Amino acid sequence: MDLRTLFRRVGLALRFIAPLTLVLALLALALVPLVESLTLRWWVTDLETRSRLVANTMQEQLVDLVQQGNGARVRQLFRRAVEDERLFALAYCNDAGQIVYRTDTYPVALGCNEIRGSGPDAHVLRQFPPAPIHVTWFPIPSNGQKIGTLVLVHDMSFVERRTADTRRYIIGFFILLGVVVSLITVFVAHLSWRGWMDGMRALLRGEGIIQPFRASANPDLQPIVDEVKALLREVDHSRRNLGRGAAWNPDMLRSVLRNELAGDEILLVSNREPYIHMRQGDSDKLAIRRPASGLVTAMEPIMRACSGTWIAHGSGTGDRAVVDRHDHILVPPDNPSYTLRRVWLSEEEERGYYYGFANEGLWPLCHIAHVRPVFRTSDWERYVEINQRFAGAVCSEARTEDPVVLVQDYHFALLPRFIHERLPKATIITFWHIPWPNPESFGICPWRARVLDGLLGSTILGFHTQYHCRNFIDTVDRYLEARIEYEASRVSYGGHRTSIEPYPISIQWPSPWADVQPAVAECRRRVIEREGFPGHVRLGIGVDRMDYTKGIIERFHAVEKLLETHPEYVGRFVFVQIAAPSRSSLDDYRIFQEEVHSLAARINARFADAAVPPIRLKAEHHEPELINEYFRAADVCIVTSLHDGMNLVAKEFVAARDDDQGVLVLSQFTGAARELHDALPVNPYHVDQCAEVLDQALRMPPDEQRVRMRSMRRLVQDYNVYRWAGAMLLDASRLRQRQRIVDRIDRHRERTVATG
Ligand code: F6P
């Protein structure tokens, strides 16, 4: 124990002990004289009783001997009497007040005079050096006549001795009492302090109220508990409301980072990189491609605003050529504002981790889109390895011990745990971009407990909807021994707590092309010209990755049905499907792709006489600016996902329509349908219904389109991607604040425990 700690501890103990000692000392001071006078009184009473007893015993014999004048016998009688240790001396005085007989010990100076006139049976206590004495005298009668006085002198020094003993005992008792009470007080205070610390920690961590903070355990503490809770609520509230009502934009997000996270380091991890360098043919020329990915669409503007580091798989054929020796490259290429760190995977690793476990296992498992999930042990092993490799990359990129790490998607279910083990102070926000199924469906995964354990390494785990949060919590409840706080939406597992929260993802607002995009009429003109459509056609648009979850087949069937039931659209309505190639090395995707192509061909063949084939399938990569042009040119955008976490295409279409025109047909099985209530909802499995809704969309008057589109644009504007990221970062900052206080308490407590 160092000297400072010793002094602090002694000081703390003295705060209890000093006033206690003072009170006990005062009590002792008041009590000692009281006890002394009391005991003296008892002794004197006792001596008087004894004296009377002695006098009565001697009286008869003394009268005889005095009347006989037998001095020798009187002295002998007196000598025998003073053999009693306390009876110090005896004397017999005649009626004239002269000493007639006395023992040798009788103080002559005491004489007989002093007692004269004091009346019979009187006594006196006096200091008769060297010791205090007690004198009692008794008249000696004979035949009813007083003939003399018997004087008994008791030695009182034993009283003094016993009084001193009593004083010592009393002082000793009070010292002992002081020590015992002090020890008990310090011990109880220590226990209470620990309880308070635990209670405070629990409260700060947002746990349920625990002992001794439970009001029923100690109702006296309830007002303090209420006050602390109110204070925390206020802090939470002010953080949650930060920016509510205000327009969220990159500046706002930057100010959150600066003010709420004190400029803390931001690291983002995803499988897909935001910029892919591709070799063009055999030449050294490189083209930069922006992938068709909702994740990239959402995260890219955030990283531009945060200037952190984005760690991702370098999947482009030209990626290695452009990185520095740390595998870094600054992006975006036209205006570098953050670092992209590329992680390399071999083909075999990518096959197992990305194509295998992530896309043949977790993807169909979570989407429940009638494609069987496939789980292979070898894929799982690659998945574990690659998650570990990314954890290594995160740790090597981290400059601080407590960065904010944004883990993206189902490719990295184990990453939060691996990072947490290596950087326990990091705030890990994991966002699961796809749906989370019910416990029964998830239970199919052979490594379900490991996946759940991995995700519970996160500080915050986000899903698009409350429904997916609920599914996740139910799954944890089913397969792990974890403590679940349903109301607070928190899971405690292995001593670590994870908040499960819905954060509906969104897009950049205003659209990055808002200031430079051509007018709607011009976009339409360009599209019509590019595609060679007749000028009068009504245009439908669908933009997806070529993925079986997107409902492309169902959409084509709906278009066919529309033309079948409403032949007036034949040759007058064209549906353009942009389908970015995706995961095409997987059988399910290849088969699906073929199916899509052949269905489009069949439908087009069926309406071969039309002025224009009804389906224009564009199965190739399109850059976002071009897609924006198609959105602006279209009369209706069709999103028919069979199951989708959010679907940002729906929001991108809305963002593109600054003319307030255009109709959104939206699958009820997307997260977006829970927000965009002015879209026309469809069940993609119900082809007839979809066809009718398509007709309704194409007939919708401009005024109704305007009202609906305005309302959807307001929503996407308000709940843009900056607000989405801001909400997560504010929650992270709140938890970091709490964690810092908890750490401080823990450190203080550890110091206290260590120092005994
Ligand atoms: O929707 C899930 C998701 O991972 C998105 O995050 C992303 O937009 C999309 O799939 C892209 O998939 P991939 O990275 O496999 O091309």
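The values are calculated or read from the model by the stated rules, or taken from the named source; none is laboratory data. Just so we're clear, the structure is a prediction, and the values are computed from it rather than from any experiment. Heads up, the Cβs are rebuilt from the backbone with ideal geometry, glycines too, and the neighbour counts pull from every protein chain shown. Only protein heavy atoms, including side chains, enter the accessible area calculation; ligands, DNA and RNA are left aside. Shrake-Rupley method; radii C 1.70, N 1.55, O 1.52, S 1.80 Å.
Working note: Karplus 6.51/-1.76/1.60 with θ = phi - 60° gives the stretch 325-333 the couplings 6, 9, 6, 9, 8, 7, 9, x, x Hz, where Gly and Pro are set to x. Decide, for the stretch 491-602, between rounded, prolate and oblate: order the square roots of the alpha carbon gyration tensor eigenvalues as a ≥ b ≥ c, take rounded if a/c falls under 1.5, and otherwise choose prolate if a/b is larger than b/c, else oblate. Oblate shape, in that a/c is at least 1.5 and b/c is the bigger or equal ratio. Per-residue 3J(HN,Hα) values for the stretch 354-371, derived from phi via the Karplus relation 6.51 cos²θ - 1.76 cosθ + 1.60 with θ = phi - 60°, read 8, 5, x, 4, 5, 9, 9, x, 5, 4, x, 4, 7, 8, 6, 10, 6, 10 Hz in sequence order (x marks Gly and Pro). Nearest 5 percent is fine: what portion of the DSSP beta bridges confined to the chain is antiparallel? Given both bridge residues lie in the chain, the antiparallel proportion sits at roughly 45 percent.
Check every DSSP H run in the chain and write down those whose alpha carbon atoms cover 24 angstrom or more along the long axis and whose mean Kyte-Doolittle hydropathy is -1.0 or greater. Going by DSSP H runs, the hits are 3-68, 157-204, 222-240, 377-397, 587-606, 721-754. Kirkwood analysis of the stretch 572-718, using all unique Cα-Cα pairs, places the hydrodynamic radius at 16.3 Å.
For the stretch 292-385, which trypsin sites (Lys or Arg not before Pro) are both in a DSSP coil and crowded by at most 12 other Cβ atoms within 10 Å? The qualifying sites are Arg325. The length gained by stretching the chain between Ser585 and Arg194 to full extension, at 0.36 nm per residue less their Cα-Cα distance, is 134.8 nm. Computed in the context of the full set of protein chains, the accessible area of the stretch 287-440 at 1.4 Å probe radius has 45% of its extent on carbon or sulfur. Under 5 Å between amide hydrogens, built in the peptide plane, is the criterion, and for Ser315 it picks out Glu273 among residues at least 5 positions away or on other chains. Alpha carbon centre of the stretch 530-559 versus the stretch 678-756: separation in Å? For the stretch 530-559 versus the stretch 678-756, the Cα centre distance is 28 Å. Sequentially through the stretch 266-278, phi angles give Karplus couplings (6.51, -1.76, 1.60; θ = phi - 60°) of 10, 10, 10, 10, 8, 6, 7, 8, x, 10, 10, 8, 10 Hz, Gly and Pro residues having no value and appearing as x.
For the stretch 591-686, which whole-number percentage of the solvent-accessible area (1.4 Å probe, protein heavy atoms only) is attributable to carbon and sulfur atoms? Its accessible area is 50 percent carbon and sulfur atoms. Oblate is the label for the stretch 665-735, because the ratio a/c of its alpha-carbon gyration tensor axes (a ≥ b ≥ c) is 1.5 or higher and a/b is not greater than b/c. What is the distance in Å between the Cα centroid of the stretch 580-642 and that of the stretch 132-167? Computed from Cα coordinates, the inter-centre distance equals 129 Å. Residues whose amide H falls under 5 Å from that of Leu617, counting only those 5 or more places apart or on a different chain, are Gln577, with hydrogens built in the peptide plane. What GluC sites (Glu not before Pro) does the stretch 592-635 have in DSSP loop regions with at most 15 other beta carbons within 10 Å? Those that pass, being in a loop and sparsely packed, are Glu620. Once the Cβ-Cβ distance of Arg320 and Leu626 is raised to the sixth power relative to R0 = 22 Å, the FRET efficiency obtained is 0.20.
For Arg41 and Leu53, the difference between the fully extended length at 0.36 nm per residue and the C-alpha to C-alpha distance is 2.5 nm. The gain in end-to-end length when the Arg4 to Lys146 segment is fully stretched comes to 42.9 nm, 0.36 nm per residue minus the alpha carbon separation.
Amide H to amide H distances under 5 Å link Ile147 with Ile140, Ser142, where only residues 5 or more positions off or on other chains count and H is placed in the peptide plane. Relative to the compact-globule estimate of 2.2 N^0.38 Å, the Cα radius of gyration of the chain comes out at 1.80. Normalising the average separation of contacting C-alpha pairs (under 8 angstrom, six or more residues apart) by the number of residues puts the relative contact order of the stretch 302-378 at 25 percent. Here the spin labels are modelled as points 7 Å beyond Cα on the Cα-Cβ line, and at Thr752 and Arg289 they lie 6.1 nm apart.
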